[in-house]
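First up is the structure itself, then whatever we jot down about it.
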Amino acid sequence: MTDKRTYVVLLGAPGAGKGTQAKLLEQATGLPQVSTGDIFRYNLKNETELGKLAKSYMDKGALVPDDVTIRMVEDRLAQPDAARGAIMDGFPRTLAQADAFDRLVAPFGGVAVAPVIVIDDEETVYRITGRRSCRACGSVYHIILNPPKVEGRCDKDNGELYQRDDDQEATVRNRLLVYYKQTAPLIGYYYAKGLLREVNGGETIELVQAALRSLIKLK
Ligand code: AP5
Ligand code: MG
């Protein structure tokens, strides 16, 4: 029997809700969330060489070079918790990454589905500038749209909530531009492969989750 794994590629602009939804899908499916942004931030916090390199790009809202990012994802997907597949959050993000990812997952049946979460640009800016993230577990909140029960504290582990360095409005607008230039072409890439599915990200977190769940068939 071939080793089948379920790889879900979550697409969408900054603030579309990829991280929020990936965490819920992780709980629902048992597949780990693999967020390249989170891995870079973890390295940044631990002051590794990778973290220092990534920071110089992230602070501007630019993408970290493909070779570094692809190698990092290869290492992550070789971990035992990813033995049945993964929910990809923020990777692939360029056509070169998408090609490399296809090669990587081909032996396991390839990408299962690529949902794109769609929201409008002003909603992106509103959501991201009000976002707070848990330092301990990475859970994501919004001060108005999705507030924690206790201000400044994570509902799950009471960890401190902080604002990401790249969540200032000017950086967010540059991330949007980078998204349209470098990542939006992936919509056509997965459409051509018959894997793209559109999900309305303007709905509540619960409705978006239900829509995504209906698209994922575990192999
Ligand atoms: P990354 O961390 O991936 O950031 P991003 O793509 O800009 O996306 P965000 O995390 O900002 O948004 P999200 O879609 O996860 O939304 P969230 O769920 O948090 O990347 C950061 C940087 O790392 C990049 O700029 C780049 O430098 C580097 N990088 C990462 N991956 C890379 C790669 N593959 N190659 C090269 N470089 C890479 O939600 C946002 C807010 O909205 C939250 O406050 C949330 O509570 C709220 N919200 C979510 N859903 C809803 C809803 N339905 N209704 C109301 N509020 C909602
Ligand atoms: Mg995210």
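Entry remark, the range 59-76: residues being within 20 Å of Ala136 (Cα to Cα) and within 11 Å of ligand 1 (Cβ to nearest atom) number 0 in total.
The residue that is nearest to Glu206 (Cα to Cα), among those in the range 1-31 that are in contact with a strand residue (DSSP E or B) (Cβ under 8 Å, 6 or more places away or on another chain), more than 13 Å from ligand 1 (Cβ to nearest atom) and assigned to a loop (DSSP other than H, G, I, E, B), is Leu31. Just so you know, in the range 113-124 the residues that are modelled with pLDDT of 95 or more and crowded, with 18+ Cβ neighbours inside 10 Å include one that is farthest from ligand 2 (Cβ to nearest atom), and it is Val113. Residues of the range 48-75 that are small (Gly, Ala, Ser) and in a loop (DSSP other than H, G, I, E, B): Gly61, Ala62. Within the set Arg103, Arg132, Arg127, the sole residue that is basic (Lys, Arg), over 18 Å from the mean Cα position of the chain (by Cα) and either over 22 Å from Lys45 (Cβ atoms) or part of a strand (DSSP E or B) (or both) turns out to be Arg103. Could we say that Val34 is in a strand (DSSP E or B), out of contact with any His (no Cβ under 6 Å at 6 or more places or on another chain), crowded, with 18+ Cβ neighbours inside 10 Å and hydrophobic (A, V, I, L, M, F, W, C) here? So Val34 passes the test. If Lys4 satisfies every condition in (1) in contact with a Phe, Trp or Tyr (Cβ under 8 Å, 6 or more places away or on another chain); (2) buried (at least 16 other Cβ atoms within 10 Å of the Cβ); (3) not polar (S, T, N, Q) but one, which is the exception? The single condition Lys4 does not satisfy is (2). Only a single criterion out of (1) under 18 Å from Arg132 (Cα atoms); (2) in contact (Cβ under 8 Å) with a residue 24 or more places away in the chain is not satisfied by Arg84, namely (1).
Residues in the range 111-124 that are among the charged types (D, E, K, R) and assigned to a helix (DSSP H, G or I): Asp121, Glu122, Glu123.
The values are calculated or read from the model by the stated rules, or taken from the named source; none is laboratory data. None of the values given here were measured: they were computed from a predicted structure. In this analysis, Cβ positions are derived from the backbone assuming ideal geometry, glycine residues included, and neighbour counts consider all displayed protein chains.
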